[in-house]
Amino acid sequence: MNKHFNSHTQKSSDTFLEKGDNELLVKIREKKITGSDFEKFCYIKRFYERWMADKDFRDNFSSNPAQYLRLYDLKIDAEEVKPVWDNNFIYTQNQQSSYCNIFEKNFFQKDKNLSLQCVFTDARFQSWQNKQINRCKSQFHPQYHNSIGHYPGCFELSRGCSVGCWFCGISAPKLGDIFLYNEENANLWRQLLESLKNKLGENFGSSFCYWATDPLDNPDYEKFCIDFHQILGKFPYTSTAQVWKYPERVRALLKLSISKGRTNNRFSILSLKILNQIHQQFSAEELATVEFAFQNPEALSSKAIVGRANKRKQSDLSQASEQSSIACVTGFLFNMVERSVKLISPCPVSKKWPDGYIVFDQGNFSDITSLDNLLEKIISSNMNDCITDDKYVKFRDDIQYESLPNGFQLSTRFMTRKFNDSPKLRQLGEALYAGNLMAWEIISLMKNVGVSEANTLYYLNSLLTKGVFEEEVRSIQT
Ligand code: SF4
């Protein structure tokens with residue numbers, strides 16, 4: 001699995017599906033794969049989990065496949081998973097439709113950027129999100145960017161996380177207070193979800209209820225999810241690193257989730273011992289649609305150098321990846337204990353943004369009225385889709401600028417865009433590159449060379465939507 005995540009925050013795998021599950025999951029959910037076929041699928045999946053996590057298994061399987069299948073109680077024929085363990089294997093026409101092939105394609109290789117299909121009722125939020133997605137496309141490797149969900153929001157139901165992973169890509173602090181489902185909190189929660197539904201629409205339901213937290217640290221997590229489903233129409237995706245501690249609770253949560261239409265969830269595997277335990281606690285069938293995020297050192301996956309992992313010496317990261325963020329929300333991050341909101345979006349790790357996401361704005365609320373006011377303030381201050389006259393306009397610092405005879409070119413490591421319709425564009429490009437002019441000054445400069453205000457504004461606004469300008473980062477105190 002060519003995925004690189006080091007927190008259960010990142011919906012890095014393609015199986016976090018909001019808009020239409022992948023073929024295989026749909027078939028399972030619709031019971032088109034049943035009986036012995038279903039069992040075969042489940043054991044192929046379990047074989048993959050072992051293969052991904054266990055180096056000893058990978059190194060030795062081919063020497064005696066039957067023995068290893070027996071040892072791990074994998075009720076399949078070694079031939080069925082030959083494409084995985086035999087380096088010389090080539091698919092024949094007939095084998096293209098084998099479960100092994102379908103499984104590999106669906107679970108490990110399919111790129112989906114589902115957020116791009118989401119529509120929100122507030123046009124300002126929609127265009128702000130699109131602009132951030134455009135910026136991210138130029139800042140991340142396309143293969144990685146395709147796995148970023150750009151989900152519209154997430155809710156922390158505690159302060160911090162009890163698991164304390166050394167590699168936590170968003171530097172979760174130690175577990176503090178928990179937002180329990182008492183009368184006051186339940187009221188606020190429900191009002192908050194209603195307010196978000198009214199403001200942004202039902203598609204806000206593709207949010208989820210954790211970030212730098214583990215959902216299972218909150219004993220009432222399931223109650224919050226039930227409200228979420230009732231109000232926003234979707235049961236939130238769960239990703240947890242604590243399955244082995246609470247097998248009965250997780251079993252019930254999986255059932256609840258499936259009963260509300262959410263078939264995919266994720267377990268983070270922190271060690272081989274935990275994988276062994278989970279494989280003992282749950283049958284292969286029970287985990288048919290559960291995705292695994294392998295974080296154990298023996299796994300075939302690498303760590304993103306961000307958050308706490310970035311603070312470790314590089315030498316400790318034997319399988320470091322180029323991925324420089326695990327963040328997947330372009331929208332609102334709520335902490336219900338602190339009653340805080342942040343407006344965030346992924347970015348490559350930097351000194352300024354050590355956890356791989358930008359915090360554009362933030363504030364606190366005390367009740368639903370102050371939350372509504374705060375959200376409106378954040379939206380109106382940050383989500384202008386037009387250039388403002390009295391603001392400096394300049395290209396982002398990470399963009400390389402080059403003048404062309406008929407315009408200019410902007411490049412990053414992952415993207416080059418040419419704007420070369422007319423020699424006058426070159427002048428505009430140079431003014432923006434200099435970065436010392438306000439929008440109205442650029443408009444007058446262009447007027448002097450015969451470009452109308454409307455045309456200059458058109459170009460500036462269209463560059464704005466492409467996410468190439470430096471953005472203001474605010475902080476709101478309420
Ligand atoms: S410390 Fe908590 S939030 Fe961070 S990766 Fe581990 S389980 Fe996830």
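What's the number of the condition Leu193 fails, among (1) free of Cβ contacts under 8 Å to residues at least 12 places away in the same chain; (2) within 15 Å of Phe155 (Cβ to Cβ)?
Just one mismatch for Leu193, condition (1).
Quick one: Lys424 ticks every box in (1) closer than 29 Å to Phe360 by Cβ; (2) surrounded by 13 or more Cβ atoms within 10 Å (Cβ to Cβ); (3) touching a residue at least 24 places away in the same chain (Cβ under 8 Å); (4) not β-branched (Val, Ile, Thr) except a single one, so which number is it?
Only one criterion is unmet by Lys424, namely (1).
For region 223-268, what are the residues that are aliphatic (A, V, I, L, M) and not in a helix (DSSP H, G or I)?
Matches in region 223-268: Ala241 only.
Just to be sure I understand, how many residues within region 324-356 are surrounded by fewer than 21 Cβ atoms within 10 Å (Cβ to Cβ), of a type outside the set (Lys, Arg) and within 26 Å of Asp372 (Cβ to Cβ)?
3
Give the residue that is nearest to the ligand (Cβ to nearest atom), with candidates limited to residues of region 202-228 that are small (Gly, Ala, Ser) and out of contact with any Asp or Glu (no Cβ under 8 Å at 6 or more places or on another chain).
Top of the filtered list is Ser207.
With the checklist (1) over 15 Å from Ser162 (Cα atoms); (2) in a helix (DSSP H, G or I) in hand, flag the one item Leu216 doesn't pass.
Answer for Leu216: the failing condition is (1).
Can you name the residue in region 230-255 that is surrounded by 19 or more Cβ atoms within 10 Å (Cβ to Cβ) and within 19 Å of Trp189 (Cα to Cα) and, of all such residues, is farthest from the ligand (Cβ to nearest atom)?
Filtering region 230-255 for residues that are surrounded by 19 or more Cβ atoms within 10 Å (Cβ to Cβ) and within 19 Å of Trp189 (Cα to Cα), the one farthest from the ligand (Cβ to nearest atom) comes out as Ile231.
Look at Gln67 and say whether it is surrounded by fewer than 14 Cβ atoms within 10 Å (Cβ to Cβ), at pLDDT 90 or above and either aromatic (Phe, Trp, Tyr) or not in a loop (DSSP other than H, G, I, E, B) (or both).
Here the answer is yes, as Gln67 does meet what is asked.
Of all residues in region 427-462, how many are under 13 Å from Cys386 (Cα atoms), of a type in the set (A, V, I, L, M) and without any contact (Cβ under 8 Å) to a residue 40 or more places away in the chain?
Total meeting the criteria: 1.
Restricting to region 256-272, give me the number of residues that are out of contact with any Leu (no Cβ under 7 Å at 6 or more places or on another chain) and away from the ligand (no atom under 16 Å from the Cβ).
The total comes to 8.
What are the pairs with Cβ atoms under 7 angstrom where one residue, in region 156-173, is assigned to a loop (DSSP other than H, G, I, E, B) and the other, located anywhere, is near the ligand (Cβ under 6 Å from one of its atoms) and among the aromatic types (Phe, Trp, Tyr)? Sequence gap at least six, or different chains.
Going by the 7 Å Cβ cut-off, there are no qualifying pairs.
Taking the options Asp73, Asp59, name whichever one is modelled with pLDDT of 70 or more, on the phi > 0 side of the Ramachandran plot and charged (D, E, K, R).
Asp73
Among the residues of region 157-198 satisfying the criterion of being touching a Ser or Thr at 6+ places or on another chain (Cβ under 6 Å) and not aliphatic (A, V, I, L, M), which is farthest from the ligand (Cβ to nearest atom)?
That would be Ser158.
Looking at region 414-429, which of its residues are in a loop (DSSP other than H, G, I, E, B) and either touching a Pro at 6+ places or on another chain (Cβ under 9 Å) or at pLDDT 95 or above (or both)?
The answer is Phe414, Met415, Asn420.
Quick one: Ser345 ticks every box in (1) small (Gly, Ala, Ser); (2) within 16 Å of the ligand (Cβ to nearest atom); (3) closer than 17 Å to Gly169 by Cα except a single one, so which number is it?
(2)
Going through region 271-313 one residue at a time, which ones are part of a loop (DSSP other than H, G, I, E, B) and closer than 23 Å to Tyr357 by Cβ?
Gln295, Ser301, Ser302, Ala304, Ile305, Val306, Gly307, Arg312
The values are calculated or read from the model by the stated rules, or taken from the named source; none is laboratory data. Bear in mind that the values here come from a model prediction, so they are computed numbers and not experimental data. Note that each Cβ is placed from the backbone with ideal geometry, even for glycine, and that neighbours are counted across all protein chains shown.
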